[in-house]
Amino acid sequence: EDISVLMLGFDSTSRLNFMRKLPRAYDYLTKTMGAVVLQGYNIVGDATAGAFIPMLTGHFESELPNVQRKKKNSQFVDVYPLIWKQYKKKGYATLFAEDMPGFAAFNLRLKGFKEQPTDHYMRPFWHAIDEGPTFCYRSVPKHVMMFDYLKEFQLAYESSRPRFGFTFLTQISHDDLNIIELVEQDLLDLLRGMYEGRHLEDTILVVFSDHGPRYGNMRETLQGKMEERLPFMSIVLPDSIKHNHPEVLKNLQSNAEKLSSPFDMYATLADVIGHHDPHLPAPNGPPRAISLFTKIPANRTCQDAGIETHWCACLQWKSIPPEGSVAMNVAQFLVRHINALTEPYTSLCHRLSLLNVTHAEAAEPDDQNGIAYTDVQITIVTTPGQAQFEATVHMTQRLGNNSLTVTSDISRINKYGHQSDCVLDQNPELRKYCFCRTDKH
């Protein structure tokens, strides 16, 4: 029998913050519905697109055709091998809904879709009502409209077609990690109505987040840094799978404490419909994406799982003096690197200078092909604009000299608001780096 999949996501919500702010919903999910919560679920990239792309395609953005806005020869996101296309081929009804069209994962800095991507697509609705930054549309909370849309989709096709639904709420949790507590009763009502109304008999329910909070006071702490990297991810299996395939539940439960990532979520979604993508990168070592319905090795490393050092929550870091020579060299290198990124836009963006180094940590020295290296994770403040950046820099020792490279994304860990509006249309990739010249705001 065909198994349906419903995914319900909340922006910027770590596993721990879901437990803090939605304790009754967490209890209902885990104790009544039997959800398995992945405690080792680790992000692989920055922001929402950095979660959605691997989760829905099995690839990093860099491995796929260029779909960035304002870039030469870039295409629409329609070219992406999104997993819902495979569900559609199998006769599934499909749905994709996000509640903030201005912040949509595939539209903010990417070109978006030319054709409607799924059978049901909520973007035109949100554009039509164009309510701006309010939490309600007239007297109805927007999160309730999102919950209703998903529930109505499930009920409408219940007796006729299997379903793949992907609903993601941004507004309620993107800017403040506390406001999500306001959805708890409505979320409970949705879960109860679906579960106790026996509307999830043939459906896998995934309640999840893309990443933890990326900005704010908490993000400036070590706890906040860890929580950004460890979002909420839970999976509820229907009784039909538990009875007919008990090994699936057993494997899922054993994977709860293993290292997992959005790539594994992709492999799981593909596993549900027996899809194998021949275009996925062939690993030299262990597979990067492992279905959560099969066993993940206990000794899996971030490298095995395709998680860059910068995002890996498993590493042991040792503090080094922020004012020491290693930290200062890395910090100055990072500022030069950021300035090189904004160089083509110097008429719009200020050149940044280092104000101070707030944290510096080094991983255990290691070697690669006999060449010694150390990874240094550093947090700096630049001026003008007081931007806070966090990056991991790979320091290789060759012939007595240090060669430095930034390992992956650079995290901007405080809000930039309207500081970078002047590059929004020309190169949205630079939003987190650019501090606009006064006359360009």
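In the stretch 185-203, how many residues are surrounded by fewer than 20 Cβ atoms within 10 Å (Cβ to Cβ) and touching a Leu at 6+ places or on another chain (Cβ under 6 Å)? If you could, list the steps in order and put the result at the bottom.
Of the residues in the stretch 185-203, the ones surrounded by fewer than 20 Cβ atoms within 10 Å (Cβ to Cβ) are 185-186, 188-189, 192-193, 195-199, 201-202.
So of that shortlist, the ones also touching a Leu at 6+ places or on another chain (Cβ under 6 Å) come out as none.
Number satisfying all stated conditions: 0.
Conditions tested, residue by residue: (1) out of contact with any Pro (no Cβ under 8 Å at 6 or more places or on another chain); (2) at pLDDT 95 or above; (3) under 30 Å from GLN303 (Cα atoms); (4) not assigned by TED's automatic domain parsing to the domain that holds LYS415.
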site: GLN185; (1), (2), (3), (4): yes, yes, no, yes
site: GLY193; (1), (2), (3), (4): yes, yes, no, yes
site: ARG198; (1), (2), (3), (4): yes, yes, no, yes
site: PHE232; (1), (2), (3), (4): yes, yes, yes, yes
site: PRO238; (1), (2), (3), (4): yes, yes, no, yes
site: PRO246; (1), (2), (3), (4): yes, yes, no, yes
site: LEU252; (1), (2), (3), (4): yes, yes, yes, yes
site: LYS258; (1), (2), (3), (4): no, yes, yes, yes
site: ASP264; (1), (2), (3), (4): yes, yes, yes, yes
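Looking at the stretch 6-37, which of the residues that are within 16 Å of LEU190 (Cα to Cα) and of a type in the set (A, V, I, L, M) is surrounded by the most Cβ atoms within 10 Å (Cβ to Cβ)?
My answer is LEU29.
Answer yes or no as to whether ALA128 is in contact (Cβ under 8 Å) with a residue 12 or more places away in the chain and either of a type outside the set (D, E, K, R) or surrounded by fewer than 19 Cβ atoms within 10 Å (Cβ to Cβ) (or both). Outline the logic, then answer.
Values: in contact (Cβ under 8 Å) with a residue 12 or more places away in the chain: no; either of a type outside the set (D, E, K, R) or surrounded by fewer than 19 Cβ atoms within 10 Å (Cβ to Cβ) (or both): yes.
It is false that ALA128 is in contact (Cβ under 8 Å) with a residue 12 or more places away in the chain and either of a type outside the set (D, E, K, R) or surrounded by fewer than 19 Cβ atoms within 10 Å (Cβ to Cβ) (or both).
Under 6 Å between Cβ atoms, which residue pairs at least 6 apart in sequence (or on different chains) link something in the stretch 140-163 that is buried (at least 18 other Cβ atoms within 10 Å of the Cβ) with a partner that is modelled with pLDDT of 95 or more and of a type in the set (Val, Ile, Thr)?
Hits for this filter: HIS143/ILE172; HIS143/VAL183; MET146/THR167; LEU150/THR167.
Could you look through the stretch 402-431, keep only residues that are among the polar types (S, T, N, Q) and under 13 Å from CYS349 (Cα atoms), and pick out the one that is surrounded by the most Cβ atoms within 10 Å (Cβ to Cβ)? Outline the logic, then answer.
Going through the stretch 402-431, the residues among the polar types (S, T, N, Q) turn out to be 402-403, 405, 407-408, 411, 414, 419-420, 426-427.
After this cut, where a residue has to be under 13 Å from CYS349 (Cα atoms) as well, the list is 419-420, 426-427.
Working: GLN419: 20, SER420: 26, GLN426: 14, ASN427: 22.
Step by step, filter the stretch 402-431, then rank; the result is SER420.
Do you know which of the residues in the stretch 304-330 that are assigned to a helix (DSSP H, G or I) and surrounded by 20 or more Cβ atoms within 10 Å (Cβ to Cβ) is nearest to the chain's Cα centre (by Cα)?
Of all residues in the stretch 304-330, those assigned to a helix (DSSP H, G or I) come to 325-330.
Checking which are surrounded by 20 or more Cβ atoms within 10 Å (Cβ to Cβ) leaves us with 327, 330.
Details: ALA327: 29, VAL330: 27 Å.
That would be VAL330.
If LEU334 meets every condition in (1) surrounded by 17 or more Cβ atoms within 10 Å (Cβ to Cβ); (2) free of Cβ contacts under 8 Å to residues at least 60 places away in the same chain apart from one, which number is that one?
Here LEU334 clears every test but (2).
The values are calculated or read from the model by the stated rules, or taken from the named source; none is laboratory data. Since the structure is predicted, the reported quantities are computational estimates derived from the model, not experimental observations. Counting neighbours? That spans all protein chains shown, and the Cβs are built from the backbone with ideal geometry, glycine included.
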